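No value in this document is a laboratory result; all are computed from the given coordinates. All values derive from a computational prediction rather than experimental measurement. Don't worry about glycine lacking a Cβ; one is built from the backbone with ideal geometry, like all the others, and counts go over all protein chains shown.
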Amino acid sequence: MVETHSLFPTPFGKDMLQSEEGIAVLRQAIEAERKRDPKGIRISNVGGWHSNTNMIDWGGEAARALAYKAMTMADALTIDSKSPGNSRFGWVPEMWANVSTAGDANQYHYHPGSFWSAVAYIDDGYEGDEDPALGGELLLLDPRMPSIRMTAPDLRLANADGGQMVNEIPVRPKSGDIVIFPSWLQHAVRPFYGSGTRISIAINLIAALKKPH
C-alpha cells in the first residue's frame, strides 16, 4: 500500500472582529469616502466600488486598529527562520474598501509584492439569508492545479482518505469575519446576489525589516 504524505500546506487564518463600535466607525468612514469619490478605481472588481488604497490614512483610528489586528494574525502565522523567538520583520499595511451590490464580483487575482493579505467583512450583505444561491463566496484557488490540468483536465489528486482534492475552495463570509492568507494565493469573489450591500476591507501586509533600537 502506498504511504501518503501531505506536503506544503497553505495556511488560511480566520478570526472575528470584536468591536461593534469599531465596525460602525469603519462603515461610516467607507460611506464618507464613497461619497467623496463615487467612481473609485477598478482593479479586480467586476462592478461595485473599489476605493483607493489609502484607507489606512482616511479610515482614521478604526482603520489603524484593523490593520493592527491583521498584523497580529500575521505574526501568529509567520516565523523568522534566523530569529524564531523575536522576528526581525514588521509589517507595512496597505488598505482599501470594497462595496458590492447584486451582480458584483471580483475576478481571480493575487497581490504581488505583499506577504500576507486579509479581508475583513463589515457587512456580508446577506441580511440573515442562508440561501447558497446568493453567491458572494470568497474563492481560493489551489495554485498547483492549472499546470496539472493543462495536460489532463479531468484528473484530480487523491487526498489522504481516498477522495479527490478540490481545486477551488469557497468561503462564505459573515459580518465581522476577518480572514488572512498568503498574498500569492489566487482568490476571487463569486457574483453576489444578496439583498443587502456587501462591505469589506482588504489589507495587504508588506514585510519590512524593523528599525534597530
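Results, tabulated for the structure shown:
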{"read-out": "Residue exposure sequence - S117, S183 - by fewest surrounding Cβ within 10 Å", "value": "S183, S117"}
{"read-out": "Computed over the chain: relative contact order in percent, which uses C-alpha pairs under 8 Å that are six or more apart", "value": "33 percent"}
{"read-out": "Euclidean distance of C-alpha centroids, region 1-64 and region 188-203, integer Å", "value": "10 Å"}
{"read-out": "Vicinal HN-Hα couplings computed from phi for region 154-167 (Karplus, 6.51 cos²θ - 1.76 cosθ + 1.60; Hz; Gly/Pro x)", "value": "9, 8, 10, 6, 8, 8, 5, 8, x, x, 8, 5, 7, 9"}
{"read-out": "Rg over Rh [alpha-carbon atoms, Kirkwood Rh] for the chain", "value": "1.00"}
{"read-out": "Region 111-213: GluC sites (Glu not before Pro) in DSSP loop, at most 12 other beta carbons within 10 Å", "value": "E127, E130"}
{"read-out": "Exposure proxy order (Cβ contacts within 10 Å, fewest to most) of L134, L77, L141", "value": "L77, L141, L134"}
{"read-out": "Among G48, A74, F89 the positive-end extreme of the charge dipole of the chain (Cβ point charges)", "value": "F89"}
{"read-out": "Among the listed pairs K14/K69; K14/K35; K35/K69; K69/K174; K39/K69; K14/K211, those beyond 22 Å (Cα-Cα)", "value": "K14/K35; K35/K69; K39/K69; K14/K211"}
{"read-out": "Label zone at I79 (point 7 Å along Cα-to-Cβ), backbone N below 20 Å, region 92-123", "value": "115-116"}
{"read-out": "For the chain, calculated [θ]222 nm from helices alone, where every DSSP H run of n ≥ 4 adds -39500 (n - 2.57)", "value": "-6000 deg cm²/dmol"}
